[in-house]
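Reviewing the structure listed below.
Bear in mind these aren't lab numbers, they're just calculated from the coordinates by the rules spelled out. Here the structure is a predicted model, which means the values were calculated and not measured. Note: ideal-geometry Cβ built from the backbone for every residue, glycine included; neighbour counts use all protein chains shown.
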Amino acid sequence: MMALVKPKIFVNGQRVPDTRWGQTHVPVGPGQYHVRVVTPWLFDIGQAEIQVPVGQGPGSKVYYRSPAAIFVKGAIGWEPQKTPGLIFVWLPWAGVAVLSVLMFGLILLG
């Protein structure tokens, strides 16, 4: 899914042009910035927001992770983030595994 879309990044409400997955440099001066990131799909999903202070010299690094499920918020922070909503991906597979074990047990008891 991620290969088909690019994240939308907003700094103080203004959309950043030419964004992509991976490192995106956004040139700004020193100050406090409100950063919002969403993943466009059928509609914008995975919204995440953070206040980013930028001082003189090297900028600030912020990490965003899009969610695994469309109704879950994204994750944003100062270090690499875990994928939110993975439970909603794994839970159905766990259900299939449990049902398979139960069916196999019924066949053996037969």
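State which residue pairs qualify: first residue under 20 Å from K61 (Cα atoms) and inside region 79-99, second residue loosely packed, with under 13 Cβ neighbours inside 10 Å and among the polar types (S, T, N, Q) in any location, beta carbons under 6 Å apart, and separation of 6 or more residues or different chains.
Listed pairs, sorted by first residue: none to list.
Across region 45-78, what is the number of residues that are surrounded by 12 or more Cβ atoms within 10 Å (Cβ to Cβ) and either without any contact (Cβ under 8 Å) to a residue 40 or more places away in the chain or over 14 Å from the mean Cα position of the chain (by Cα) (or both)?
Number satisfying all stated conditions: 22.
Out of (1) assigned to a helix (DSSP H, G or I); (2) surrounded by 11 or more Cβ atoms within 10 Å (Cβ to Cβ); (3) of a type outside the set (S, T, Y), the odd one out for P92 is which?
With (1) assigned to a helix (DSSP H, G or I); (2) surrounded by 11 or more Cβ atoms within 10 Å (Cβ to Cβ); (3) of a type outside the set (S, T, Y) applied to P92, the lone miss is (2).
I need the full set of residues from region 79-106 which are of a type in the set (D, E, K, R) and more than 9 Å from the chain's Cα centre (by Cα), in order please.
Of everything in region 79-106, just one residue is of a type in the set (D, E, K, R) and more than 9 Å from the chain's Cα centre (by Cα), namely E79.
Taking region 13-43 only, how many residues are farther than 19 Å from E79 by Cβ and loosely packed, with under 13 Cβ neighbours inside 10 Å?
14
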